[in-house]
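Below is one structure, written out as C-alpha cells; the observations come after it.
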Amino acid sequence: MLVAVPFNKTSLAGGSQFKGTFLMSPRGDIIKRIKEFQHGRPGDLHKPQLPALHLHCPSARKPMREIKEPDWKVLRRVHPLALERFCERVLGEMDRVSRDGATSYHARYLQIFRILQQRDREMARLFDNPRRSHALTMLAQIRSHGLLTEDEFSSLSPETRGAIQMLLGAG
C-alpha cells in the first residue's frame, strides 16, 4: 500500500523550502513525486479521503530517496562492518543458548533454529539490496540496531544525520 504524503518544510540549513506530494511506501521510502493528487471531496463515497500525513524532510534540495555521494561512500564503507557486528551479535546469542545447561539439547536446538530464522529475516531487512534510493532508510535501521558507531555516524553529512534522526524520531 502506498500513501500520499504532502511535504512542506523549511530546510534546516535555512531559507529554502521543500514542498510537494509524494508516494511513500510502508517502509518510509519516497517512491515518486506526484504533480496532482486527488484526495476526494467530503461526501464523495466513491473516492474516500486519504489522511494527510505531514512529515518533515530536512533536505530542501533532494527528496529523501537519495543521499549525497560522500554519504553514499560512507554507507558502502560501513555496510560490511555493520553486517559483521550483526553476525557477531547473533552468533553470541546462539552461543549463550547452546551453553544453557538448564534446557535439553533438543530445546536448545529448536531455540537456535528459531533465532537463526528470525535473525536471517532481520538481516535481510537491514542489509539486503543497498541502493542509493534506500540509503537513508538503511542507515537509520542500522543505527537503530546499534550497529553504527558514533565515529561512523559523525562521518555522515549534517543533512544526512538530521534525516536519520528524523526517521528515528529523535530529531
Only residues in the stretch 151-169 that are more than 15 Å from residue 75 (Cβ to Cβ) count as the first member; pair them with residues that are surrounded by 17 or more Cβ atoms within 10 Å (Cβ to Cβ), Cβ under 8 angstrom, at least 6 apart or cross-chain, and list the lot.
162/58; 166/57; 166/58; 168/140; 168/143
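Residue-by-condition table, conditions (1) of a type in the set (Gly, Ala, Ser); (2) in a helix (DSSP H, G or I); (3) within 17 Å of the chain's Cα centre (by Cα); (4) in the same structural domain as residue 86 (by TED's automatic domain parsing):
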position: 122; (1), (2), (3), (4): no, yes, yes, yes
position: 130; (1), (2), (3), (4): no, no, yes, yes
position: 137; (1), (2), (3), (4): no, yes, yes, yes
position: 143; (1), (2), (3), (4): no, yes, yes, yes
position: 159; (1), (2), (3), (4): no, yes, yes, yes
position: 162; (1), (2), (3), (4): yes, yes, yes, yes
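The values are calculated or read from the model by the stated rules, or taken from the named source; none is laboratory data. Nothing here was measured: the structure is a model prediction, and the numbers come from that model. Neighbour counts run over all protein chains shown; Cβ positions are idealised from the backbone, glycine included.
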